[in-house]
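Peer 1: Structure provided below as C-alpha cells; questions to follow.
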Amino acid sequence: MRLLVVHHTSSPALEAMFDAVMSGARNDLIDDVEVVARPALVAGAIDVLDADGYILGTPANLGYISGALKHFFDQTYYPCREATSGRPFGLYVHGGNDTTGAERAVDTITTGLGWRQAHEHVRVVGAPGPADLEACWDLGATVAASLTID
C-alpha cells in the first residue's frame, strides 16, 4: 500500500505540522504502508494513480488553498477522477486567522474526485501547539492505518 502526502510547506508552522503528519504515518505500529511525500508543485497524476490514499497539506491563503495545491488539483483532477474514486484522504491546513475557505475548497474538490474523508480535518490557526501537532500525528497514523484495513 502507498500513502501519498501532497503538501505546500511554506512556513515554520506548516513544516512542524508536516513533520508530525509524516511521523504518524511512518510510525512502527503500521506495517506494509509506504509513505511518499511530494511537494504540491511536483506531484502529478502518476503519483496519485500509484497511491492508495492521500494526505493533503496547505496554508489557507486569502481564504483559499495555496496556489501550489490548486495547481496540483488542476493537473491531476480529470486524469485521476475515475481511477481513484473511493480512496481515503486527510487534510491539514494552517491559517493566520481562518481556514474555512481552504477547507471548503478541498471538500469540494475531493467530493468531485469521489475520495472519502478518513479523518477529521486538522486545522490550526496561529502557531501550532502540542495538541495541534498531536492531531497532525494522529491524522498521519489514521490515514496510513486505514490503508491496511480497506
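A short reminder: the numbers here are calculations on the coordinates, not readings from a lab. On a predicted model such as this, the values are computed, not experimentally measured, just so you know. No Cβ is skipped: glycine too gets one built from the backbone with ideal geometry, and neighbour counts run over all protein chains shown.
Peer 1: Taking 0.36 nm per residue of sequence separation and subtracting the Cα-Cα distance, how much length would be gained by fully extending the chain between residue 97 and residue 62, in nm to one decimal?
Peer 2: In short, 11.6 nm is gained.
Peer 1: Apply the membrane-span-like helix rule to the chain: whole DSSP H runs, Cα extent along the own long axis of at least 27 Å, mean Kyte-Doolittle hydropathy at least 0.0. List the helices found.
Peer 2: Both cut-offs are met by 130-149.
Peer 1: A further question follows. Answer with one residue from 91, 45, 136: the one whose Cα lies farthest towards the positive end of the charge dipole of the range 2-149, charges on Cβ with Lys, Arg +1 and Asp, Glu -1.
Peer 2: Comparing the listed Cα positions along the dipole, 45 ranks first.
Peer 1: For the range 2-149, give the share of DSSP beta bridges that are antiparallel, in percent and rounded to the nearest 5; count only bridges with both residues there.
Peer 2: So the antiparallel bridges in the range 2-149 amount to around 5 percent.
Peer 1: Considering the chain as a Gaussian network with a 10 Å cut-off on Cα pairs, which listed residue, 93, 106, 125, attains the greatest mean-square fluctuation?
Peer 2: Checking each option, the largest mean-square fluctuation is seen for 125.
Peer 1: Which of the peptides 81-88, 38-45 is most tightly packed, and how do the rest follow, judged by the mean count of other Cβ atoms within 10 Å per residue?
Peer 2: 38-45, 81-88
Peer 1: Let me ask you something else. If each of residue 34 and residue 104 carries a label point 7 Å out from its Cα toward its Cβ, how far apart are those two points in nm?
Peer 2: Simple spin-label model gives 3.9 nm for this pair.
Peer 1: Students often get this wrong, so try it: which of (1) 1.90; (2) 0.96; (3) 0.93 is Rg/Rh (Cα atoms, Kirkwood Rh) as calculated from the structure shown?
Peer 2: (3)
Peer 1: If you take the square roots of the eigenvalues of the alpha-carbon gyration tensor of the range 15-79 and sort them as a ≥ b ≥ c, do you get rounded (a/c under 1.5), prolate (a/b over b/c) or oblate?
Peer 2: Here the range 15-79 falls in the oblate category.
Peer 1: Considering only 66, 11, 23, give the residue with the highest GNM mean-square fluctuation for the chain, with springs between Cα atoms whenever their separation is below 10 Å.
Peer 2: Ranking 66, 11, 23 by mean-square fluctuation puts 11 first.
Peer 1: Under a Cβ-Cβ cut-off of 11 Å, what is the net charge of the residues other than residue 141 that fall near it, where Lys and Arg count +1 and Asp and Glu count -1?
Peer 2: -2
Peer 1: While we're here: Extension gain residue 27-residue 71, at 0.36 nm per residue separation less the Cα-Cα distance, in nm?
Peer 2: Additional length available on full extension: 12.8 nm.
Peer 1: Continuing with this model, one more query. Enter the Cα centre distance for the pair the range 1-56 and the range 92-122, rounded to the nearest angstrom.
Peer 2: Between the Cα centre of the range 1-56 and that of the range 92-122, the gap is 16 Å.
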